[in-house]
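Colleague: I have a structure I would like to understand better, so I am pasting it below and will then ask my questions one at a time.
The values are calculated or read from the model by the stated rules, or taken from the named source; none is laboratory data. The structure presented is a predicted model; accordingly, all values stated were derived computationally and were not measured. Reconstructed Cβ throughout: ideal geometry from the backbone, glycine too, with neighbour counts over all protein chains shown. Heads up: the accessible areas ignore ligands, DNA and RNA and are worked out on the full protein's heavy atoms, side chains in. Shrake-Rupley method; radii C 1.70, N 1.55, O 1.52, S 1.80 Å.
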Amino acid sequence: MQELHVLNPATEELVATIPAATPQDVDAAVRRAAEAQRGWSALAPGDRARHLRRFADVVDTHLEELAQLEVREAGHPVGNARWEAGNARDLLEYAAGGVERLTGAQIPVAGGLNVTFHEPLGVVAVIAPWNFPMPIAAWGVAPALAAGNAVLLKPAETTPLTALRLAELALEAGLPEGLFQVLPGAGPVAGDALVEHPGVAKVVFTGSTAVGKQIMAKCAAGVKRVTLELGGKSPNIVFADADVERAAAAAPGSFLDNTGQDCCARSRILVQRSVYDRFMELLEPAVKSFTVGDPADPATQMGPLISAAHRERVRSYVPESAPAAIRGEAPAGKGFWYPATVLEGRPEDRAAVEEVFGPVAVVIPFEDEAEAVRIANATAYGLSGSLWTRDVSRAVRVSRAVAAGNLSVNSHSSVRYWTPFGGFGQSGLGRELGPDALAAFTETKNVFIAADPLTESP
Ligand code: NAD
């Protein structure tokens, strides 16, 4: 692959053609990054923080431009895209606040002083997916820079434009040349070259579980540090004692936002049997009123899927022989459109087991709390989930019993840049965001300094 052809998923028009990075480009970038990192890590903490705050400010003055790029390359509704650009700015600001707070510990010992330091790793590679190009890039880039590392970002093949613009803005903000570089290219070429490069100390990968496993295996060869944010098949559990109206009103957003191309999508809706019919009655108008259409229109809630190939994959989960319980509308003609789809099914159905990554949810009835937890945990994934109940004890019990990294009670919120995020099981390894985000880009060094005992002079 010599070039990347970026298409607008809503119109299929060519937005840009970008040269694809080769393994030689990757090698040269790693060398430049290593050089830049030496100076960056030697800066006084306050100066490093100031650089990052300036970077955040420059991003802030380009929010609309970045959002419009995201609309064109990813087909995201403009309201979502504005939030995404703002999230990248917020991450930089939040990480900047961590530079002077990256404190070690003083641990009591006999015969001297024992202290710990958080040393930067060196050059970090961030390999990002196409579903949230800006936020997911920033989740890795901002804390890695703040902790004193250089960063090489490889965006997904379909969505390189916002990443390339962020790298230009970093230079405009005065970040040193080479410190933050973007290498657009094919996963198995540029991505693989980063993973294999001996000069890369850590790989932060967000993407499919299949590729994540390969990357983890390759990192093992060099005992390279790795953070993996992978797939999900998250449950949305609605108990009979919940505010069923609220639960039904909130459900569409939890699997239709970003056209379901969300690792946290609540694509398995588990509903207690005694309120099942009522829930379905309420869910239908809520799904059908989710606004689908032109991503540039601020009223639009759902845009197209990322590509024609991805649409075929999503379609394969909705067999012609099993009519959907609820079906929304989607524009006809150009663009990779797919309607909101709700299936009624069983926990073992393919659409209830595999990550669809599209606007498709399966509703499954359950009898009691024990069965709800059993179905919720019958998955290799464990990224997020929601539960709806008015019973506080049940909320505590079930949120402890569901094996997932991010749970919400009576809401679907799960990602805030100042709270930790990551998966159990095959949803990933390590945590991003939150108060410990910078620590994941450091090695802890322990130093003992001997102090001679006081000797009385003769
Ligand atoms: P993908 O695994 O195909 O690609 C992700 C990135 O990895 C891309 O940049 C791609 O070019 C690169 N890549 C592909 N093969 C590679 C290789 N052999 N070596 C190195 N890099 C390689 O995933 P995708 O289709 O872009 O993204 C969708 C997936 O991402 C979904 O499964 C979704 O659940 C997951 N995801 C997870 C999170 C999370 O935080 N857990 C967030 C967003 C997306």
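Colleague: Evaluate region 244-261: report whether one residue or more is within 16 Å of the ligand (Cβ to nearest atom) and open to solvent by 30 Å² or more (accessible area, probe 1.4 Å).
Modeller: Yes.
Colleague: Applying the selection to region 142-163, what residues are closer than 17 Å to Gly86 by Cα and open to solvent by 10 Å² or more (accessible area, probe 1.4 Å)?
Modeller: If the condition is that a residue be closer than 17 Å to Gly86 by Cα and open to solvent by 10 Å² or more (accessible area, probe 1.4 Å), then Leu161 is the only one that fits.
Colleague: Going residue by residue through region 201-212, is there one that turns out to be within 10 Å of the ligand (Cβ to nearest atom), charged (D, E, K, R), open to solvent by less than 30 Å² (accessible area, probe 1.4 Å) and more than 19 Å from Met302 (Cα to Cα)? Can you show your working first?
Modeller: We begin by selecting, within region 201-212, every residue within 10 Å of the ligand (Cβ to nearest atom); these are 203, 205-212.
The next check asks that each one be charged (D, E, K, R); those that pass are none.
Within region 201-212, none of the residues are within 10 Å of the ligand (Cβ to nearest atom), charged (D, E, K, R), open to solvent by less than 30 Å² (accessible area, probe 1.4 Å) and more than 19 Å from Met302 (Cα to Cα).
Colleague: Right, Pro135: more than 10 Å from the ligand (Cβ to nearest atom), open to solvent by less than 10 Å² (accessible area, probe 1.4 Å) and not assigned by TED's automatic domain parsing to the domain that holds Thr379 or not? Lay out the reasoning, then the answer.
Modeller: Working: more than 10 Å from the ligand (Cβ to nearest atom): no; open to solvent by less than 10 Å² (accessible area, probe 1.4 Å): yes; not assigned by TED's automatic domain parsing to the domain that holds Thr379: yes.
Against the criterion (more than 10 Å from the ligand (Cβ to nearest atom), open to solvent by less than 10 Å² (accessible area, probe 1.4 Å) and not assigned by TED's automatic domain parsing to the domain that holds Thr379), Pro135 does not qualify.
Colleague: Also, I was wondering about something else. Name the residues in region 217-240 that are outside any strand (DSSP E or B), within 11 Å of the ligand (Cβ to nearest atom) and not basic (Lys, Arg), would you? I'd like the intermediate steps shown before the answer.
Modeller: Start the filter on region 217-240 by keeping residues that are outside any strand (DSSP E or B), which leaves 217-224, 230-234, 239-240.
Next, only the ones that are within 11 Å of the ligand (Cβ to nearest atom) stay: 217-219, 230-234.
The answer is Ala217, Cys219, Leu230, Gly231, Gly232, Ser234.
Colleague: I need the full set of residues from region 325-343 which are open to solvent by less than 30 Å² (accessible area, probe 1.4 Å) and out of contact with any Lys or Arg (no Cβ under 9 Å at 6 or more places or on another chain), in order please.
Modeller: Gly335, Leu343
Colleague: Continuing with the same structure: Please go through region 387-400 and pick out each residue that is in a loop (DSSP other than H, G, I, E, B) and either within 11 Å of the ligand (Cβ to nearest atom) or surrounded by fewer than 15 Cβ atoms within 10 Å (Cβ to Cβ) (or both).
Modeller: Arg390, Asp391
Colleague: Quick check on Ala146: is it within 16 Å of the ligand (Cβ to nearest atom), in contact (Cβ under 8 Å) with a residue 24 or more places away in the chain and hydrophobic (A, V, I, L, M, F, W, C)?
Modeller: No, not satisfied.
Colleague: Out of region 63-75, which residues are assigned to a helix (DSSP H, G or I) and over 16 Å from the mean Cα position of the chain (by Cα)?
Modeller: Leu63, Glu64, Glu65, Leu66, Ala67, Gln68, Leu69, Val71, Arg72, Glu73
Colleague: Being open to solvent by less than 30 Å² (accessible area, probe 1.4 Å), in a helix (DSSP H, G or I) and either in contact with a strand residue (DSSP E or B) (Cβ under 9 Å, 6 or more places away or on another chain) or of a type in the set (Asp, Glu) (or both) is the filter here; which residues of region 76-97 pass it? Working first, answer last.
Modeller: Initially, region 76-97 is screened for residues open to solvent by less than 30 Å² (accessible area, probe 1.4 Å), giving 76-78, 81, 84-88, 91-92, 95-97.
Within this subset, residues satisfying the condition of being in a helix (DSSP H, G or I) are 78, 81, 84-88, 91-92, 95-97.
Matches in region 76-97: Glu84 only.
Colleague: Still on this structure, I have one more. Take region 281-303 and flag every residue that is in contact (Cβ under 8 Å) with a residue 60 or more places away in the chain, of a type in the set (A, V, I, L, M) and crowded, with 18+ Cβ neighbours inside 10 Å.
Modeller: Matches in region 281-303: Leu283, Met302.
Colleague: Keeping to region 1-57, report how many residues are assigned to a strand (DSSP E or B) and open to solvent by 80 Å² or more (accessible area, probe 1.4 Å).
Modeller: Residues that pass the stated criteria total 4.
Colleague: If Leu175 satisfies every condition in (1) at positive phi; (2) touching a His at 6+ places or on another chain (Cβ under 7 Å) but one, which is the exception?
Modeller: (1)
Colleague: State which residue is least open to solvent (accessible area, probe 1.4 Å) when the search covers only region 304-324 and only residues that are outside any loop (DSSP other than H, G, I, E, B) and aliphatic (A, V, I, L, M).
Modeller: This residue is Val314.
Colleague: Which condition number in (1) part of a loop (DSSP other than H, G, I, E, B); (2) in contact with a Pro (Cβ under 9 Å, 6 or more places away or on another chain) is the one that Gly174 fails?
Modeller: Here Gly174 clears every test but (2).
Colleague: Another question about this same structure. Of all residues in region 401-458, count the ones that are part of a loop (DSSP other than H, G, I, E, B), closer than 18 Å to Arg101 by Cβ and either without any contact (Cβ under 8 Å) to a residue 12 or more places away in the chain or away from the ligand (no atom under 14 Å from the Cβ) (or both).
Modeller: Of the residues in that region, 3 qualify.
Colleague: Go through region 352-386 and count every residue that is within 15 Å of the ligand (Cβ to nearest atom), open to solvent by 10 Å² or more (accessible area, probe 1.4 Å) and more than 24 Å from Leu7 (Cβ to Cβ).
Modeller: Residues that pass the stated criteria total 5.
Colleague: Within the bounds of region 381-396, is there any residue that is farther than 22 Å from Ile215 by Cβ, free of Cβ contacts under 8 Å to residues at least 24 places away in the same chain and not small (Gly, Ala, Ser)?
Modeller: Within region 381-396, one or more residues are farther than 22 Å from Ile215 by Cβ, free of Cβ contacts under 8 Å to residues at least 24 places away in the same chain and not small (Gly, Ala, Ser).
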